[in-house]
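Any read-out appearing in this document is the output of simple, stated calculations on the displayed coordinates, not a laboratory observation. Just so it is clear, the structure is predicted and the values come from calculations on it, not from any experiment. Glycine also receives a Cβ, built like all others from the backbone with ideal geometry; neighbour counts cover every protein chain displayed.
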Amino acid sequence: EDLSDISSSDGESGADEDNRRDAAFLAAVQEDVMVTPFRAELHLALISALREAAQLDRLRRAREFAVCCISLPEPQWLEWLEDEKRLDMDFDKFAQLSRLACDSCPTSKIWLQRCALFRERDGNASDVRRVYEEALEVLGAHPFEGPEIWADYRDYEEALLARTGGEAGQVQCIRTLFLRQMSLLGSERLLE
């Protein structure tokens with residue numbers, strides 16, 4: 001895949017001097033990306049310029065191309081996920097994008113974004129728990145990222161407990177989750 005189809009298909013007027021300058025800048029950055037596709041700063045500049053110009057189709061294609069060439073940093077993944085969420089992307093496509101983000105840049109913020117996606121989608125606790133368990137598998141033992149996942153997972157389970165009215169099985173679920181986290185090295189600060 002290349003960026004040749006990213007050229008101005010979004011209906012730029014070109015009449016205004018600023019628009020011409022912006023179009024020239026975009027064309028130059030796009031050309032630079034095509035010549036040296038493994039330079040992250042060029043991809044980030046193109047993505048930023050397209051986002052600022054609100055050229056959404058071109059922006060999406062530029063991001064997709066960037067993922068093929070470089071590792072996007074966490075802020076770009078979070079920005080992409082937020083943009084697609086605002087645009088009301090189809091849930092399955094959005095779930096695939098969030099999976100790609102988690103695989104490409106496994107940070108607690110990105111995993112928590114994925115967990116929130118499933119929490120907001122429906123009340124299917126087993127799907128939400130599956131995503132939290134995937135996040136814990138990747139980051140649960142991490143000394144800085146892990147506690148955020150554990151805390152959010154416990155918050156989710158506590159919210160379920162509040163909705164179920166103190167069901168004994170739900171209380172046990174929260175207790176088990178806490179004990180699992182306590183079994184990790186470095187979890188002593190939870191007792192404070």
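Observations on the structure shown:
- Between the residues 100, 171, 118, the greatest Cα displacement towards the positive end of the dipole of segment 59-192, with unit charges on the Cβ of Lys, Arg, Asp and Glu, is found for 100.
- Over segment 130-173, all Cα pairs binned in 5 Å intervals from 0 give whole-percent P(r) values of 5, 24, 25, 19, 15, 9, 3, listed from short to long.
- The chain, relative contact order in percent, only Cα pairs under 8 angstrom and at least six apart counted: 12 percent
- Look at 157, 41 and count the other Cβ atoms within 10 Å of each Cβ; fewest to most, that gives 41, 157.
- Taking all Cα pairs closer than 8 Å and separated by 6 or more residues, the relative contact order of segment 35-88 comes to 37 percent.
- Estimated translational D of segment 10-154 in µm²/s (Stokes, Kirkwood radius over Cα pairs; 10 °C; 1.306 mPa s): 95 µm²/s
- Net charge in the neighbourhood of residue 178 (other residues with Cβ under 11 Å of its Cβ; Lys, Arg +1, Asp, Glu -1) is +1.
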